[in-house]
Amino acid sequence: MKRPPWAVLALALVLVGGSLTVVSRPSPEGPRYITDDQGRAIILHGFNTAGSTKSDPDAMPWIEEQDVENEYERMGTNFVRFLLQWSALEPEPGQYDEKYLDAVAERVSWYAERDYHVLLDMHQDLWGQGITEAGRVGNGAPEWATHTDGLTVEEQEQWELVYLEPGTMRSFDHFWNTTGEHSELMSHYVRAWRHVADRFSGEPAVIGYDLMNEPWGGTLQGPEFERGPLAELYRRSITAIRTVDNDSWIFVEPQAVGVNWGLPSALPHLDDPREGKARIVYAPHIYPLPMDLGKAYGRGEHGGGDDGRIGGSESSRVWIDRSISLWRRNVLVTADRLEAPIVLGEFGLDTSSPGAMEYVERMLALTDEIGAGRAYWSNDLDGWGPWLGRADGEEGEGAKPGPLAEVMNRPYPRAIAGEPLAVHYDEPAKTLTVSFAEKNDGSVTGPTEIYVPEREFPEGGIISSSDPEGSWAAEWDAARRVWKVESAPYLQEHELVVSPTN
Ligand SMILES: CN(C)c1ccc(C(=O)NC[C@H]2N[C@H](CO)[C@@H](O)[C@@H]2O)cc1
């Protein structure tokens, strides 16, 4: 599909503009981490569930409980970014649909029973269904909160272009109070978050709240948007949530456009009024612009060397790698400004595209290297997800796993009993190394937990520690395929290595 020339210009801006970014050093003390109720650093690996929510009449994802079981069996994930819809939560101003929240709670319980962490994502794309009469393109905001002022919204072959439609722009401008005519909208949104947090503050499986998916500033863009109304929405939502929930983590996203591609975000530091350390998480997405322009991560199948043009696959991969490097640098700078851990809220692609699995492996290695959690977009049965489609045959079988499930199913530390220093998976050797520093403040009360897949680790594989013989112990939980490791409490640093059974 040919993309408009402006997109190529945008690509050049991203990749050239990024090189002009003034980069301050990421924090000298290294990455920050989300911690659980045992004081352990948790490493979140999972999926967005699900894109199908956007068009479901009940605003629920396609999954049944068996599919959660199947996901754990096939990939050992421990995290889900679960899509919510404001339109289902608050169908009329100030009226919340408790049956909708009951349905959400039921699905949260499916994950809770399997030791997952659930991130509740107030999802939107293109504001909401109400931007067009047919209601076919947007999702998120309820009709009563949608004010296009009669301006046109034409459906587009490229869905992203609908963001630029006059009626869509106006809907966002009213929400951000750029028009000064509907200040009530943001207040409703903030109160809706307070209602959700009040409902789930007692649910330990709910790790936190992702305040808005891929924010779009309408006529406000860049620092004016991120430091203006977007920061205002976040500050008001954080304050409202903290009146009912002191302990959940609050995830904030930069504006999507530009930052998804690798450009810097201007998001400012956000205070957290909770008792104790701040629990704000920086949750960007990555979709490298060359890929958004339809370029694959393949290596040279279609000719085209690295001649500097966006030509064949070889030059595409070079440009995509430049996007990824730019994204890494700018994400670390913003996370350091926010003094926040990083969770990559979305990354994904058509798994049938050339080089797709190499791209996924690149992103898995990158998030390990920067200490970030990750949620793949998405868990849907649409060629992007890990499933080839629903299994035929007996009731209760899950969807059939595809190549992505194979790549995702790898050893990782679900929880680390200290300050992580490095997590590295050596793909060729199928060996995981986890090193961490002892916390001597008594805040850590649980063991390190490491998941390993059946494939190379039929009985758990071989686990070793840098701790002296006899000062550490590893217990194998065959049902969950998890090593639980108690380490010597008096040592400064520990290194655990899990390798395949010979
Ligand atoms: C112009 N704007 C504001 C814009 C353009 C493109 C995306 C996008 O591709 N997003 C990537 C994926 N994220 C959503 C769900 O959050 C998916 O539907 C997209 O594939 C977002 C915003």
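Whether any residue in region 377-395 is more than 28 Å from residue 63 (Cβ to Cβ), at pLDDT 95 or above and either crowded, with 20+ Cβ neighbours inside 10 Å or within 18 Å of the chain's Cα centre (by Cα) (or both) is what I want to check. Looking for residues that are more than 28 Å from residue 63 (Cβ to Cβ), at pLDDT 95 or above and either crowded, with 20+ Cβ neighbours inside 10 Å or within 18 Å of the chain's Cα centre (by Cα) (or both), one finds none in region 377-395, hence no.
Taking region 61-96 as the range and being of a type in the set (Val, Ile, Thr) and either surrounded by fewer than 18 Cβ atoms within 10 Å (Cβ to Cβ) or touching a residue at least 60 places away in the same chain (Cβ under 8 Å) (or both) as the test, the residues that pass are 63, 77, 80. Just a yes or no: is a residue in region 186-201 open to solvent by 20 Å² or more (accessible area, probe 1.4 Å), more than 24 Å from residue 107 (Cα to Cα) and not in a helix (DSSP H, G or I)? No, because not a single residue in region 186-201 is open to solvent by 20 Å² or more (accessible area, probe 1.4 Å), more than 24 Å from residue 107 (Cα to Cα) and not in a helix (DSSP H, G or I).
Out of all the residues in region 214-256, which are more than 27 Å from residue 276 (Cα to Cα) and either modelled with pLDDT under 95 or part of a loop (DSSP other than H, G, I, E, B) (or both)? 214, 215, 216, 217, 218, 219, 220, 221, 222, 255, 256 - these are the residues of region 214-256 that are more than 27 Å from residue 276 (Cα to Cα) and either modelled with pLDDT under 95 or part of a loop (DSSP other than H, G, I, E, B) (or both).
For region 461-489, the set of residues classified as without any contact (Cβ under 8 Å) to a residue 40 or more places away in the chain and part of a loop (DSSP other than H, G, I, E, B) consists of 466, 467, 468, 469, 470, 471, 472, 478, 479, 488, listed by residue number. Residues that are over 16 Å from the mean Cα position of the chain (by Cα), of a type in the set (Lys, Arg), within 17 Å of residue 207 (Cβ to Cβ) and assigned to a helix (DSSP H, G or I): does region 269-280 have at least one? Within region 269-280 (the criterion being over 16 Å from the mean Cα position of the chain (by Cα), of a type in the set (Lys, Arg), within 17 Å of residue 207 (Cβ to Cβ) and assigned to a helix (DSSP H, G or I)), the answer is no, since none of the residues qualifies. The residue pairs whose first member lies in region 45-60 and is over 30 Å from residue 414 (Cα atoms) and open to solvent by 10 Å² or more (accessible area, probe 1.4 Å), whose second member is away from the ligand (no atom under 12 Å from the Cβ) and not in a helix (DSSP H, G or I), and whose beta carbons are closer than 8 Å, counting only pairs six or more residues apart or on different chains, are 56/62. State whether the residues of region 476-485 include one that is surrounded by fewer than 20 Cβ atoms within 10 Å (Cβ to Cβ) and at pLDDT below 95. No; the residues of region 476-485 include none that is surrounded by fewer than 20 Cβ atoms within 10 Å (Cβ to Cβ) and at pLDDT below 95. When residue 81 is tested against (1) within 16 Å of the ligand (Cβ to nearest atom); (2) part of a helix (DSSP H, G or I); (3) within 20 Å of the chain's Cα centre (by Cα), exactly one condition is not met: (2). How many residues, within region 424-448, are assigned to a strand (DSSP E or B), open to solvent by 20 Å² or more (accessible area, probe 1.4 Å) and either free of Cβ contacts under 8 Å to residues at least 40 places away in the same chain or among the β-branched types (Val, Ile, Thr) (or both)? Matching residues across region 424-448 total 3. Selection of region 130-173 for residues being over 21 Å from residue 84 (Cβ atoms), surrounded by fewer than 16 Cβ atoms within 10 Å (Cβ to Cβ) and within 16 Å of the ligand (Cβ to nearest atom) yields 154, 155, 156, 157, 158, 160, 161, 164, 166.
The values are calculated or read from the model by the stated rules, or taken from the named source; none is laboratory data. These figures come from a predicted structure and were not determined experimentally. Counting neighbours? That spans all protein chains shown, and the Cβs are built from the backbone with ideal geometry, glycine included. With ligands, DNA and RNA removed, areas are computed over all heavy atoms of the protein, side chains included. Shrake-Rupley method; radii C 1.70, N 1.55, O 1.52, S 1.80 Å.
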